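The next block holds one structure in the form of C-alpha cells; read it before the comments.
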Amino acid sequence: LRLASLLAEKSPNAALEQLMTAMAPRPDAIELAVQNADCLIRIGQPDKAELIATELVKDPKLAGSGHRILGETALARADYAGAIDELAKAQGAGESFSAVAPVMVAAYAKAGRLDDAISLLSDRIAKQSDDTGSARLLASLYIQKGDAANAERLLRQVIEQRPDESDTYLELAQLLTAQRRSQDAISILETAAQK
C-alpha cells in the first residue's frame, strides 16, 4: 500500500498493480477501494472508478471520498453541474478541502464560472490564511482571468508565508517572464536558489 501511494502520482498503472496485490487477500476491504478508484481515474478509466464510488457513498465513513470520486468522474464526462454537485456533497460529508478544491475549481472553470471558483478560494483563504495551496490555485485563476497584479500579490504572500516551497517561486518567475519582466524573474529565481 505504501508503494502504491508513492507510485500513484507518477505511475498510476504501477500503483494500480500494487493495489490489486494488496486487495487480493482482502477483497472486502472497502477502504482500499478509495485508492483503487483514484488510480483508475488517473489512468483514464472513470467508468470503473464510478462503480467503486457508488459503493463507497453507502459507507458513512467513506461517503466523502465516494462523492469526490463521483465528482471527478462527472468532470471526466464533461458533466460540470454534476461534478460541482457531487463535490459539494463530498465536502458536506467531511472530505478535506484540499482534496475537493482543485477538482471543484476545474469544474467551475470548465463550466465558465470562473468567478465562482475565485469566490470559493477567496472565502477559504479568508477563513484559513495559511492555506498556501488555495492561494496558489487562486493565483492561477487570476492569471487565467488576466489579472496579473492580484496573481503576483498572492504568490508573493505565499513566498512570505512559506519561503521553502520552491514551486511558488517558479510560478511567480513564470508570471513575471510572461509579463516580459525578465530581471524580476531572475531575481526571484536567485532568491529561491539562496533559500
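The values are calculated or read from the model by the stated rules, or taken from the named source; none is laboratory data. Remember, it's a predicted structure, so these values are computed and weren't measured experimentally. FYI the Cβ positions are ideal-geometry reconstructions off the backbone, even for glycines, and counts take in every protein chain you see. These accessible areas exclude ligands, DNA and RNA; they are computed on the full protein's heavy atoms, side chains included. Shrake-Rupley method; radii C 1.70, N 1.55, O 1.52, S 1.80 Å.
Tallying residues that are among the charged types (D, E, K, R), open to solvent by 40 Å² or more (accessible area, probe 1.4 Å) and farther than 20 Å from PHE97 by Cα within the range 131-164 yields 6.
Specify which of the listed residues (ILE43, ILE84) is free of Cβ contacts under 8 Å to residues at least 60 places away in the same chain and open to solvent by less than 30 Å² (accessible area, probe 1.4 Å).
Values: ILE43 fails: open to solvent by less than 30 Å² (accessible area, probe 1.4 Å).
ILE84 is the lone residue from the list that is free of Cβ contacts under 8 Å to residues at least 60 places away in the same chain and open to solvent by less than 30 Å² (accessible area, probe 1.4 Å).
Of the residues making up the range 1-15, those that are at pLDDT below 75 and under 20 Å from LEU70 (Cα atoms) number 2. The residues of the range 165-191 that are crowded, with 17+ Cβ neighbours inside 10 Å and modelled with pLDDT under 90 amount to a single one, GLU165.
When the range 89-116 is examined, which residues are found to be small (Gly, Ala, Ser) and under 18 Å from LEU137 (Cα atoms)?
Within the range 89-116, the first condition is being small (Gly, Ala, Ser), and the residues that meet it are 90, 92-94, 96, 98-99, 101, 106-107, 109, 111-112.
Matches in the range 89-116: SER96, SER98, ALA99, ALA101, ALA106, ALA107, ALA109, ALA111, GLY112.
The single condition among (1) open to solvent by less than 80 Å² (accessible area, probe 1.4 Å); (2) over 26 Å from SER65 (Cβ atoms); (3) assigned to a helix (DSSP H, G or I) that ALA126 does not meet is (1).
Inside the range 87-118, residues that are of a type outside the set (Gly, Ala, Ser), open to solvent by 60 Å² or more (accessible area, probe 1.4 Å) and either in contact (Cβ under 8 Å) with a residue 60 or more places away in the chain or not in a helix (DSSP H, G or I) (or both) make up a count of 1.
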